[in-house]
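Following: one structure in structure tokens, then a few remarks.
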Amino acid sequence: MNPDYLWVTGALQLLTFFVVAPMLAIAIGYAAWQGRPQNFDRERYGMTSVASGIASAFLFAYAKHINADVRTAQYFMQLACVLLSGLLFGVFMGCGVGLFASRRRFK
């Protein structure tokens, strides 16, 4: 990989954590507020939030542990782990909002 293009990976990481993840969280929270999906209740939003938060933390810690050099193929694995952990962090935030925003359905 050419070191001149390293800013692209940094920009992707910043875009994922500060733009895509919050937009994903807003979309999930808005869907929960509207009552969609129908089979999700507060408990399922809570479990999804916890599971995605733990998976995000483990993936981010694993990516930090890889500590790969830019010239190796492991760098792309590290970048993929960081980007996926950012997306999972967005799901974590969105399901956390959905936990409180979901409407209670009476049967």
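Observations on the model:
- Failed condition for Glu43, given (1) more than 23 Å from Val8 (Cα to Cα); (2) buried (at least 19 other Cβ atoms within 10 Å of the Cβ): (2)
- Taken over segment 61-84, the criterion of being within 19 Å of Val8 (Cα to Cα), part of a helix (DSSP H, G or I) and of a type outside the set (S, T, N, Q) is satisfied by Ala63, Lys64, Tyr75, Phe76, Met77, Leu79, Ala80, Cys81, Val82, Leu83, Leu84.
- Options Tyr75, Tyr5: the member that is of a type outside the set (Asp, Glu) and without any contact (Cβ under 8 Å) to a residue 24 or more places away in the chain: Tyr5
- Matching residues in segment 78-107 - criterion: being of a type in the set (S, T, N, Q) and without any contact (Cβ under 8 Å) to a residue 40 or more places away in the chain: Gln78, Ser85
- Scanning segment 78-107 for residues that are of a type in the set (A, V, I, L, M) and surrounded by 14 or more Cβ atoms within 10 Å (Cβ to Cβ) returns Leu79, Val82, Leu83, Leu84, Leu87, Leu88, Val91, Met93, Val97, Leu99, Ala101.
- Summed over segment 8-25, residues that are in contact (Cβ under 8 Å) with a residue 12 or more places away in the chain and more than 12 Å from the chain's Cα centre (by Cα) total 2.
- Residue list for segment 33-59, filter: within 20 Å of the chain's Cα centre (by Cα) and over 12 Å from Val91 (Cα atoms): Trp33, Arg36, Pro37, Phe40, Arg42, Glu43, Arg44, Ala57, Phe58, Leu59
- Reported count of residues in segment 15-40, each being part of a loop (DSSP other than H, G, I, E, B) and surrounded by fewer than 16 Cβ atoms within 10 Å (Cβ to Cβ), is 5.
- Ala32 on the phi < 0 side of the Ramachandran plot, touching a residue at least 24 places away in the same chain (Cβ under 8 Å), touching a Gly at 6+ places or on another chain (Cβ under 7 Å) and not aromatic (Phe, Trp, Tyr): yes
Rule-based calculations on the coordinates, nothing more; no lab input. These figures come from a predicted structure and were not determined experimentally. All Cβ positions, even for glycine, are placed from backbone atoms using ideal geometry, and neighbour counts span all protein chains on display.
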